[in-house]
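Trainee: The structure is given below, and queries will be raised subsequently.
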Amino acid sequence: MKIRRERFAAAHKGTAPDTARVTSRRTVLKVAGAAAVGASALGVSLSSGAPAAAAGAYDVIVIGAGFAGVTAARELSKQGKRVLILEARHRIGGQTWTATVGGQLVEMGGTWVDPATMPHVGAELQRYGIQLQEEGAIERLILPTPAGPLEHDVATGFAHAAELRVRLFEGSAQYFERPMDPLYRLDLLQSVDAKSLRDRLTELAYSPADEMLVNGETALLSGGSSTQGGLTTLAHRWQLAGGTETGWNNTLRWTMKGGTLGLLNAMLKDSVNARLILNSPVASVADGGALRYVTTKAGVQYSAPAVIVAVPANVWQTIRFSPSLPAAHCAATTQGIGVASAKKLWIHARSGQGRVFAQGAEGGASIPWMQAGPATAEGQLYVGFSADPNLDVRNVAQVKAAVKQLGVDLDIISVTAHDYGNDPYSRGGWSFRKRKQLTTLYPQILQPNGKIAFASSDIANGWSGYMDGAIESGLRAVKQLA
């Protein structure tokens with residue numbers, strides 16, 4: 001591998017330090033799409049006393065080694081640029097990475113890909129020969145009802161939920177006529193973008209029983225309440241997936257064999273003449289005229305003519321920019337795009353509940369979405385998502401009680417989880433735009449900003465919050481610096 005990695009530290013074993021570990025899909029959710037790297041794969045560190053590089057040593061500094069930053073570094077390397085990648089964490093991958101639970105590789109962030117509807121990640125999979133695997137079929141379905149959680153016939157239950165979802169997105173084919181160019185029909189979007197998902201549910205006037213089959217998803221994705229998320233975010237994803245239930249389901253169907261670490265490492269290997277430094281959170285970015293100066297929190301300063309900021313939008317506010325960020329960027333980082341209370345859990349349980357999918361209603365479950373993952377020698381893995389700020393993912397008793405709210409009683413062996421809201425280098429999880437953010441912030445955010453460009457799946461034209469969106473944004477940032 002030609003990319004230089006600063007000083008190998010002792011190998012990290014087990015799950016990463018930013019993962020809580022305590023002992024004791026396919027149809028409904030669009031969560032946290034993006035990129036992953038195993039915690040033990042890279043043990044690279046930079047001591048706080050490392051000297052700064054001489055002026056002129058780099059052509060571009062990339063802040064962040066997630067999919068957006070790695071994409072940008074590779075493309076710049078292909079142009080012959082000398083690139084420095086500064087990553088705050090002890091690993092690459094950003095908000096998405098791979099861990100081992102119960103002897104199985106699991107994704108702690110973004111998980112699913114669909115090459116048919118996600119062109120950028122599809123191209124990377126083909127380029128590096130990354131194979132996909134399909135998740136096992138759901139055999140039991142538990143859904144909320146006014147009388148409490150009840151088991152449903154799998155085919156019938158999912159089909160009814162699909163009918164309700166189609167109604168939710170009626171009209172989106174017009175206002176997202178070109179999904180990869182979301183502002184193309186800005187004239188039609190203005191009024192729609194002002195609506196929250198709660199506004200849309202109220203318009204549809206589902207029966208109480210029917211709304212319970214929808215609002216658990218809309219509330220979770222929005223950050224805990226359907227009033228928080230914009231209708232256009234979910235409608236945009238529906239159209240990106242082809243505007244059909246089949247396309248929607250396919251975006252939760254395939255995962256990468258061996259985890260997303262394989263793809264990230266392949267991309268890094270192509271980043272000739274790039275230098276990667278881990279454990280280097282950035283404190284400030286200053287425009288010095290001919291050079292941009294990037295200073296880490298350890299006080300180490302680097303300079304280059306251009307900088308790509310490839311960290312989540314919620315994190316921009318933790319970096320001092322001089323001059324200050326444009327108004328739209330300031331608004332985006334203050335308001336937030338990533339869900340601030342997002343949590344992802346892998347629950348290792350002894351067998352007994354089988355390949356179950358369970359969903360809760362809005363306000364009724366701390367973990368409103370859970371489904372079976374891989375089997376283990378001891379039992380079964382289940383993946384769950386939460387936006388409840390009061391859920392302590394380290395507390396097995398709390399997790400067990402939350403799962404029981406779904407109508408599932410698990411004999412839990414362990415819980416491996418990540419609280420993205422309390423991760424200082426994420427400050428939130430999956431992307432989900434709020435009302436009016438698409439039409440009021442994105443037109444300005446997508447514009448070039450001199451020799452400082454921004455790359456993040458949060459601000460992708462297409463799959464915001466997914467690996468595809470991260471790659472797209474990295475490509476765009478490189479073009480903006482050209």
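Trainee: So for segment 184-196 (the condition being open to solvent by less than 50 Å² (accessible area, probe 1.4 Å) and either part of a strand (DSSP E or B) or more than 20 Å from L438 (Cβ to Cβ) (or both)), does at least one residue qualify? Break it down stepwise before answering.
Mentor: Of all residues in segment 184-196, those open to solvent by less than 50 Å² (accessible area, probe 1.4 Å) come to 189, 192-194, 196.
Adding the requirement that they be either part of a strand (DSSP E or B) or more than 20 Å from L438 (Cβ to Cβ) (or both) leaves 196.
Checked against the condition, which is being open to solvent by less than 50 Å² (accessible area, probe 1.4 Å) and either part of a strand (DSSP E or B) or more than 20 Å from L438 (Cβ to Cβ) (or both), segment 184-196 yields at least one hit.
Trainee: May I ask you to say which residue of Q398, Q359 is open to solvent by less than 20 Å² (accessible area, probe 1.4 Å), polar (S, T, N, Q) and over 19 Å from the mean Cα position of the chain (by Cα)? Lay out the reasoning, then the answer.
Mentor: Working: Q398 fails: open to solvent by less than 20 Å² (accessible area, probe 1.4 Å).
Step by step, each of Q398, Q359 is checked, and only Q359 is open to solvent by less than 20 Å² (accessible area, probe 1.4 Å), polar (S, T, N, Q) and over 19 Å from the mean Cα position of the chain (by Cα).
Trainee: Give all pairs with beta carbons closer than 9 Å in which a residue from segment 249-262 that is at positive phi and open to solvent by 30 Å² or more (accessible area, probe 1.4 Å) meets a residue that is of a type in the set (A, V, I, L, M, F, W, C) and not in a loop (DSSP other than H, G, I, E, B); count only pairs at least 6 apart in sequence or on separate chains.
Mentor: G258/L105
Trainee: Quick check on my filter: what residues within segment 202-212 are over 21 Å from G230 (Cβ atoms) and part of a helix (DSSP H, G or I)? Please lay out each step first, then the result.
Mentor: Narrowing segment 202-212 to residues over 21 Å from G230 (Cβ atoms): 207-210, 212.
Answer for segment 202-212, where residues must be over 21 Å from G230 (Cβ atoms) and part of a helix (DSSP H, G or I): P208, A209, D210, M212.
Trainee: Just need a number here: residues in segment 71-90 that are open to solvent by less than 10 Å² (accessible area, probe 1.4 Å), of a type in the set (A, V, I, L, M, F, W, C) and not in a strand (DSSP E or B).
Mentor: Residues that pass the stated criteria total 3.
Trainee: Here's another thing I want to ask about it. For Q174, are the conditions met, namely being touching a Ser or Thr at 6+ places or on another chain (Cβ under 7 Å) and open to solvent by 60 Å² or more (accessible area, probe 1.4 Å)? Show your work before the answer.
Mentor: On the way: touching a Ser or Thr at 6+ places or on another chain (Cβ under 7 Å): no; open to solvent by 60 Å² or more (accessible area, probe 1.4 Å): yes.
Answer is no for this residue.
Trainee: Condition first: touching a strand residue (DSSP E or B) at 6+ places or on another chain (Cβ under 7 Å) and in a helix (DSSP H, G or I). Now tell me which residues in segment 130-157 satisfy that.
Mentor: Scanning segment 130-157 gives V154, G157.
Trainee: Then there's this: Does any residue of segment 111-131 turn out to be crowded, with 24+ Cβ neighbours inside 10 Å and at pLDDT below 95?
Mentor: Within segment 111-131 (the criterion being crowded, with 24+ Cβ neighbours inside 10 Å and at pLDDT below 95), the answer is yes, since at least one residue qualifies.
Trainee: Right, here's the next one. Take V272 and decide whether it is of a type in the set (V, I, T), under 28 Å from A57 (Cα atoms), surrounded by fewer than 18 Cβ atoms within 10 Å (Cβ to Cβ) and touching a Lys or Arg at 6+ places or on another chain (Cβ under 8 Å). Give the derivation first.
Mentor: Details: of a type in the set (V, I, T): yes; under 28 Å from A57 (Cα atoms): yes; surrounded by fewer than 18 Cβ atoms within 10 Å (Cβ to Cβ): yes; touching a Lys or Arg at 6+ places or on another chain (Cβ under 8 Å): yes.
Yes: the conditions hold for V272.
The values are calculated or read from the model by the stated rules, or taken from the named source; none is laboratory data. Computed from a predicted model, the values in this text were never measured in an experiment. Note: ideal-geometry Cβ built from the backbone for every residue, glycine included; neighbour counts use all protein chains shown. Calculation scope for accessible area: heavy atoms of the full protein, side chains included, ligands and nucleic acids excluded. Shrake-Rupley method; radii C 1.70, N 1.55, O 1.52, S 1.80 Å.
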